[in-house]
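Here is the structure we will look at, set down as structure tokens.
The values are calculated or read from the model by the stated rules, or taken from the named source; none is laboratory data. Just so you know, these numbers come straight off a predicted model, no measurement behind them. Positions of Cβ are generated from backbone atoms using ideal geometry, with glycine treated the same way; all protein chains shown enter the neighbour counts.
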Protein chains: 2
Amino acid sequence: METLSENRCFGGVQGVHRHRSDSCGCDMTFGLFLPPEAEEGPVPILWYLSGLTCTHENAMTKAGAQAWAAEHGIAICFPDTSPRGEDVADDPEYDLGQGAGFYVNATEKPWAPHFRMWDYLSEELPRILDNGFAIDPDRQAITGHSMGGHGALTLAMSLPGRFRSVSAFSPICHPTQSDWGRKQFEAYLGGVEAGRAHDASLLMRDTGFDGPLLVDVGTKDNFWDLLRIDALADAMAARRQPGQLRLQEGYDHSYFFVSSFMEDHIAFHAEALWA
Amino acid sequence: METLSENRCFGGVQGVHRHRSDSCGCDMTFGLFLPPEAEEGPVPILWYLSGLTCTHENAMTKAGAQAWAAEHGIAICFPDTSPRGEDVADDPEYDLGQGAGFYVNATEKPWAPHFRMWDYLSEELPRILDNGFAIDPDRQAITGHSMGGHGALTLAMSLPGRFRSVSAFSPICHPTQSDWGRKQFEAYLGGVEAGRAHDASLLMRDTGFDGPLLVDVGTKDNFWDLLRIDALADAMAARRQPGQLRLQEGYDHSYFFVSSFMEDHIAFHAEALWA
């Protein structure tokens, strides 16, 4: 593993690290914020999964998360959103290929050799962090934005016991019934049907989440119809899933929205992580 | 004036606006954050001047300022750092021409026709804000980063009574004796001597600032030698200028540093603005 940069930030350290990924068959880069407490021993960790077109860097520089992570003594990991590189398949559209891994293991050509973000985030990267940094693997939480909100919700519901709490900002909630989902499941998984295991609204009906859940979305989200918040709301109600779904008046899909509610989300996770 | 975007942010609005500038002879773009209180009437304003290579956008998305501006009911203006456009002179180096206006009025070719950032920021843009937005012109403060710290300090000391408080993050303090300054003064003003009126350390010896002053710089600033913090420190001591010069252990020149101390700076200005 190679450390690309380290910047002091809110008394802790914002690092950027690169490593060879066995899951993705390429070099992968991630950001990791460690609060001051990590100098003394392992700290809880919050995973932040990013949206379409993002790298590890966008949220790390624009979401305003480090202030609150430092306040609560929590690490934050900012993974990339897909495999990268010249020998990694790509697509000219922004919503497929590099920058758009959709947090699944691709089974279809040309994606299958590298697009294994599910394995990368559910197994490989947690192991790497556990081995290399002062992280407490028993205290994990997960959040994300848009496609990353989809990733956070689906990972949390599919890996019971892994995450103490889950939240999401403007998540893609029902990808099997959205143009943000169907196209990608067809490409990566060979069909929409295979994507049902990666649909937060379906998982909510089948499984739910055993812990606190918080979802925020802006009432002026410019991608409202693609997110299908209605489907998640229905599923939460059907299941009587404990949790909060908040529609925030006047906010859109941008990082100006994400940063506005980051304090709330990190305080929410801190309560579960430090319980 | 044209509004390019408006995003709800921390209960207020982050706008981006473009207008024809008489000073610069080109279109200029600026960011303006208005807190919720601006819907009721004029609010105090903090100017944030950015550093080399930046546009209006960098600090607006990465400095984490809106959270605290909203908390204190203060507007923040993020101007661009130079004139822009195809018919505006430029230089292949990052530290001259577009993105590097240095907050002066150029007198020399090829810069003189457009590079009039001093006039733009001391006269034109304040008038535009006063006419177009709920801003209280009697309650202004100014800050900035690096080249923008230089701009903030020199504007504040040169326009007595304009700003109630001044602060800076890792400012260029002594440009007449630094490679960040000498080259630019020679190009824009025809010589380093003409830059003496734009040297914060010299202005501090001659004039000082009649109000609270706060300067933060990281002890691991990667441009330490170019900033000449020592010269400003000497000048503050020589003048017995009331104020704080804080050397923050382990921090560098990045926005990770700026955002870490933004809360402090905005609280500092709020105290003066609401007094």
Only listed residue being part of a loop (DSSP other than H, G, I, E, B), touching a residue at least 40 places away in the same chain (Cβ under 8 Å) and at negative phi, chosen from A:Phe102, A:Phe163: A:Phe163
Being at pLDDT 95 or above and closer than 25 Å to A:Gly73 by Cα narrows A:Ala134, A:Ala112, A:Ala187, A:Ala100 down to just A:Ala134
Leading residue by the ranking (nearest to the other protein chains (Cβ to nearest Cβ)) among those in segment B:224-264 that are outside any helix (DSSP H, G or I) and surrounded by fewer than 16 Cβ atoms within 10 Å (Cβ to Cβ): B:Gly250
So, in segment B:184-209, of the ones that are touching a Lys or Arg at 6+ places or on another chain (Cβ under 8 Å) and of a type in the set (A, V, I, L, M, F, W, C), which residue ends up surrounded by the fewest Cβ atoms within 10 Å (Cβ to Cβ)? B:Val192
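Restricting attention to segment A:49-73, which residues are away from chain B (no Cβ under 14 Å) and in a loop (DSSP other than H, G, I, E, B)?
Within segment A:49-73, A:Ser50, A:Gly51, A:Leu52, A:Thr53, A:Thr55, A:His56, A:Gly73 meet the criteria.
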Return yes or no: is A:Pro212 free of Cβ contacts under 8 Å to residues at least 40 places away in the same chain, surrounded by fewer than 21 Cβ atoms within 10 Å (Cβ to Cβ) and either more than 14 Å from every other protein chain (Cβ to nearest Cβ) or not polar (S, T, N, Q) (or both)? no
With the condition kept exactly as written, say whether any residue in segment A:21-29 is crowded, with 24+ Cβ neighbours inside 10 Å, under 21 Å from A:Ala156 (Cβ atoms) and under 20 Å from the mean Cα position of the chain (by Cα). no
State whether one or more residues within segment A:1-19 are acidic (Asp, Glu) and out of contact with any strand residue (DSSP E or B) (no Cβ under 7 Å at 6 or more places or on another chain). no
So which of A:Leu46, A:Leu32 is within 14 Å of chain B (Cβ to nearest Cβ), part of a strand (DSSP E or B) and surrounded by 21 or more Cβ atoms within 10 Å (Cβ to Cβ)? A:Leu32
Being more than 20 Å from the chain's Cα centre (by Cα) and of a type in the set (Lys, Arg) is the filter here; which residues of segment A:223-275 pass it? A:Arg239, A:Arg240
For segment A:74-90, the count of residues that are in a loop (DSSP other than H, G, I, E, B) and free of Cβ contacts under 8 Å to residues at least 60 places away in the same chain equals 8
Do we have any residue at all in segment B:160-172 that's farther than 19 Å from B:Leu46 by Cβ and either more than 14 Å from chain A (Cβ to nearest Cβ) or not β-branched (Val, Ile, Thr) (or both)? yes
Quickly run through segment A:17-55 and pick out the residues that are aliphatic (A, V, I, L, M) and over 24 Å from A:Met262 (Cα atoms). A:Met28
One residue from A:Gly181, A:Gly99, A:Gly144 being within 16 Å of the chain's Cα centre (by Cα) and surrounded by fewer than 22 Cβ atoms within 10 Å (Cβ to Cβ): A:Gly99
